[in-house]
Amino acid sequence: VAPDGSRTAALRLTLAPGWKTYWRAPGDAGIPPQFSWKGSRNLEGIAVSWPTPKLFDQNGMRSVGYENSVTIPLHMEPARKGKPVQLKATIELGVCADVCIPHELHLDAVIDSIETRPTPAIAAALAQKPYSATEAGVTSMKCSIRPTNDGLEIEARITMPSAGAPEYVVIEPQAGEIWVSEAETERQGNQIVATSEMISASGAPIALDRSAIRVTVLGQQHAVDIRGCTPS
């Protein structure tokens, strides 16, 4: 329990040898996880904190996720501070070895601890999250957008020190049902240049809010989470 009355718990997934599951943006070969908190009580809001994932090559395609085990912190805002939270969750995951299988978990737990000291496993998971833009020395991220026959092309230019070559970039629009291609990424001096195509799943026009765009740089040394870009 934090001083402001919020609560933190975590979902720990343990995978059989040779199996993996996926990050929130799983890449072209992955299955995105989906969470539903319907039926929960005394829950005003919840945020998922993702530890830094790994890159996998899957039949010539890249995917992003976890192997062995992963602890995923859940930050909960109770509607009534100081009272337990009954957390009901339906979680849809993809788990993959040689084949990928959709899997559904159902959880029902009462989160009522009065402990104020961090749980070691949760503290360790939070320490594994990507650096913020400030922590990583990012000085700017500029985005240019142009229409294509099927949707939009976005180019992000990120001015930052190296996160360790090779650097892999994931671009998330944070809006609607939009498919985003794997980014073509290259470093040009003190900049990373990443280009992706965005296509609406419904075929409708795409309206992008640059301030909501989220970019994650996955490097050999560390990862970086960058929120919002400005016009180039």
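Points worth noting:
- Residue selected from the range 179-193 under the condition of a type outside the set (D, E, K, R) and part of a strand (DSSP E or B), by the criterion surrounded by the fewest Cβ atoms within 10 Å (Cβ to Cβ): Gln188
- Taking first residues from the range 177-202 that are within 13 Å of Ile145 (Cα to Cα) and partners that are assigned to a loop (DSSP other than H, G, I, E, B) and of a type in the set (Ser, Thr, Tyr), the Cβ contacts under 6 Å between residues at least 6 apart in sequence or on separate chains come to Ser196/Ser181; Glu197/Ser181.
- Residue in the range 220-227 that is open to solvent by 20 Å² or more (accessible area, probe 1.4 Å), under 16 Å from Ile145 (Cα atoms) and part of a strand (DSSP E or B) present: no
- Taken over the range 131-176, the residue count meeting the criterion of being of a type outside the set (S, T, N, Q) and open to solvent by 60 Å² or more (accessible area, probe 1.4 Å) is 11.
- Test: residue in the range 86-101 that is more than 13 Å from Ala9 (Cβ to Cβ), of a type in the set (Asp, Glu) and surrounded by fewer than 12 Cβ atoms within 10 Å (Cβ to Cβ): yes
- Filter pass, Thr216 being crowded, with 17+ Cβ neighbours inside 10 Å, of a type in the set (S, T, N, Q) and either at pLDDT below 90 or under 24 Å from Ser49 (Cβ atoms) (or both): yes
- Per-region count, the range 95-120, residues modelled with pLDDT under 95 and small (Gly, Ala, Ser): 2
- Any chance Gln128 is modelled with pLDDT of 95 or more and either in contact with a Cys (Cβ under 9 Å, 6 or more places away or on another chain) or open to solvent by 40 Å² or more (accessible area, probe 1.4 Å) (or both): yes
- Checked against the criterion of being more than 24 Å from Thr216 (Cα to Cα), in contact (Cβ under 8 Å) with a residue 24 or more places away in the chain and surrounded by 18 or more Cβ atoms within 10 Å (Cβ to Cβ), the candidates Ile111, Ile122 yield just one match: Ile111.
- Subset tally (residues that are hydroxyl-bearing (Ser, Thr, Tyr) and assigned to a strand (DSSP E or B)) for the range 70-114: 2
- Ile178 falls short on exactly one of the conditions (1) among the aliphatic types (A, V, I, L, M); (2) at pLDDT below 95; (3) farther than 24 Å from Gly30 by Cα, and that condition is (3).
- Members of the range 5-30 that are in contact (Cβ under 8 Å) with a residue 60 or more places away in the chain, under 17 Å from Val170 (Cβ atoms) and among the aromatic types (Phe, Trp, Tyr): Tyr22
- When residues of the range 155-178 are limited to those that are of a type outside the set (A, V, I, L, M) and assigned to a strand (DSSP E or B), the one farthest from Ser232 (Cα to Cα): Tyr168
The values are calculated or read from the model by the stated rules, or taken from the named source; none is laboratory data. It should be emphasised that the depicted structure is a prediction, and the values quoted were computed from it without experimental measurement. For neighbour counting, all protein chains shown are included, and Cβ atoms are generated from backbone atoms with ideal geometry for every residue, glycine included. Surface areas here come from the heavy atoms of the whole protein model, side chains and all, with no ligands, DNA or RNA. Shrake-Rupley method; radii C 1.70, N 1.55, O 1.52, S 1.80 Å.
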